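Chemist: Would you mind keeping the following structure in view while I ask a few things?
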């Protein structure tokens, strides 16, 4: 076991050294570029394309297998994502029912989505779109997606027993109300079929959706199909956003966009139980409310040329749901109730959980971008919908392959550290189970994750990626790990 652990650590060290060396080389490029004549890029759309950033096609062929209709009122697209993921044996003196298995394992996940859209009203100033997505999620994650707060594959459904039968992922009406005749270019996507939008506008999305389609978006760290794969890298781990087991909910998102800033509000349904597939339609007792402000200006001011784009987003949320307090569950157990604390025994309707998040991104050069997130929630009420994180800090970046004549390739490196509050720690230490975590006992430490990937564009909409994730203290337990998770991903855009 010791020999295998040493080999794992050596592999992790090699991964860190290779990624860090490449990133340091990129910093040398930054120093060189600041003394050279500035390169002017084409202006970006006011509204960033959610979920799947559009690759740079100025020096390559079509970003999809089949070209989309640019001037049609209809949008048809799709994607397929296959991830093979494995880890070797790692140090673990004990395990619980919700532990990441220490014996070593490998699993494959498969995700396919069909995107359909129709522009009912074609005038960009008052456009009305009807959107529908059909999805299938198959395969499984390592240890059935248990044992890690920052799980390593965002495509994995947290309840594999749901099966791979296709289901309706999204169905929405999208209304745009323009306040100016000035139009700006828009990156056509499954959420915005048109190629132009009013510069100042009000938008509404109503129906079935995933809140990260519209909130906490980051063009460097939001797309698990072309970028990082970890749950707490692509989304803010402390944002316990309203969602069912598959990550979807019913709600309304309203958004006002101006030239340099946007503001958003979302109201959505919460699940009836933690990580549940059924949603509670009684808004008086259960709902998720979210507010976000986005400001699009360079973050480093005069230190960078004015064409280097930057964005900062501030998010807050309040959830009302049938939740329990970790402290109440701990007290009941210590008073002699049961063989371990059980959070479900102390749940109450209309309990309130709230939190805050910050998200930023900044271009440093034509090829180098950096990003980061900070998240916090009150941590007294149970983690209910996304993952078991009460505080998170993240920092990373990516490097374009343009310098070696691969403009659609990307190299990424990120570090994220997650934490939980004292009552949550005590709950796990006493043997309590969350919907993701529970080793039977706990020697607490922050869960630290280093992830690096290389995404290779082969032809049209076909991409392959190699990804490594080195995780220290899996499940916040310093008695277990570290573990190195290796991944191979194939992604196809249709």
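The values are calculated or read from the model by the stated rules, or taken from the named source; none is laboratory data. These numbers come from a predicted model, not from an experiment. Don't worry about glycine lacking a Cβ; one is built from the backbone with ideal geometry, like all the others, and counts go over all protein chains shown.
Chemist: Which one is surrounded by the most Cβ atoms within 10 Å (Cβ to Cβ), of the residues in region 403-421 that are modelled with pLDDT of 95 or more and part of a loop (DSSP other than H, G, I, E, B)?
Modeler: Here the residue is 420.
Chemist: For a quick check of your reading: which strands (runs of 3 or more DSSP E) sit entirely within region 166-236 and have at least 2 residues that are surrounded by fewer than 22 Cβ atoms within 10 Å (Cβ to Cβ) and in contact (Cβ under 8 Å) with a residue 24 or more places away in the chain?
Modeler: Answer list for region 166-236: 167-178, 183-185, 201-209.
Chemist: For the condition over 28 Å from residue 296 (Cβ atoms), out of contact with any helix residue (DSSP H, G or I) (no Cβ under 6 Å at 6 or more places or on another chain) and touching a residue at least 24 places away in the same chain (Cβ under 8 Å), what is the one hit in 356, 349?
Modeler: After ruling out the rest, the residue left standing is 349.
Chemist: Further question: Please state which one of 479, 426 is over 21 Å from the mean Cα position of the chain (by Cα), surrounded by fewer than 23 Cβ atoms within 10 Å (Cβ to Cβ) and over 28 Å from residue 105 (Cβ atoms).
Modeler: 426
Chemist: With respect to residue 150, is the statement that it is farther than 21 Å from residue 459 by Cα, within 20 Å of the chain's Cα centre (by Cα), at pLDDT 95 or above and surrounded by 15 or more Cβ atoms within 10 Å (Cβ to Cβ) true? Before you say what the answer is, go through the steps one by one.
Modeler: Values: farther than 21 Å from residue 459 by Cα: yes; within 20 Å of the chain's Cα centre (by Cα): yes; at pLDDT 95 or above: yes; surrounded by 15 or more Cβ atoms within 10 Å (Cβ to Cβ): yes.
Here the answer is yes, as residue 150 does meet what is asked.
Chemist: Go through 290, 319 for me and flag whichever is within 30 Å of residue 158 (Cα to Cα), assigned to a strand (DSSP E or B) and in contact with a helix residue (DSSP H, G or I) (Cβ under 8 Å, 6 or more places away or on another chain). Let's see the steps before the verdict.
Modeler: On the way: 319 fails: in contact with a helix residue (DSSP H, G or I) (Cβ under 8 Å, 6 or more places away or on another chain).
Only one candidate passes the filter, namely 290.
Chemist: Also, quick follow-up: Could you check region 422-476 and list, in sequence order, the residues that are part of a strand (DSSP E or B) and without any contact (Cβ under 8 Å) to a residue 24 or more places away in the chain?
Modeler: Within region 422-476, 458, 466 meet the criteria.
Chemist: For region 125-139, indicate whether the set of residues that are modelled with pLDDT of 95 or more and part of a loop (DSSP other than H, G, I, E, B) is non-empty.
Modeler: Checked region 125-139: at least one residue is modelled with pLDDT of 95 or more and part of a loop (DSSP other than H, G, I, E, B).
Chemist: Hey, another quick one. Within region 377-402, can you find the residues that are surrounded by fewer than 20 Cβ atoms within 10 Å (Cβ to Cβ) and touching a helix residue (DSSP H, G or I) at 6+ places or on another chain (Cβ under 7 Å)?
Modeler: 380
Chemist: Run residue 309 past the list (1) at pLDDT 95 or above; (2) in contact with a strand residue (DSSP E or B) (Cβ under 8 Å, 6 or more places away or on another chain); (3) buried (at least 19 other Cβ atoms within 10 Å of the Cβ) and report the number of the one that doesn't hold.
Modeler: In the conditions (1) at pLDDT 95 or above; (2) in contact with a strand residue (DSSP E or B) (Cβ under 8 Å, 6 or more places away or on another chain); (3) buried (at least 19 other Cβ atoms within 10 Å of the Cβ), residue 309 misses (1) alone.
Chemist: For region 120-133, which residues satisfy the criterion of being within 28 Å of the chain's Cα centre (by Cα) and crowded, with 19+ Cβ neighbours inside 10 Å?
Modeler: If the condition is that a residue be within 28 Å of the chain's Cα centre (by Cα) and crowded, with 19+ Cβ neighbours inside 10 Å, then 129, 131, 133 are the ones that fit.
Chemist: Now for a different question. Select from region 275-293 the residues that are surrounded by 22 or more Cβ atoms within 10 Å (Cβ to Cβ) and modelled with pLDDT under 95 and list them in ascending order.
Modeler: Selection gives nothing.
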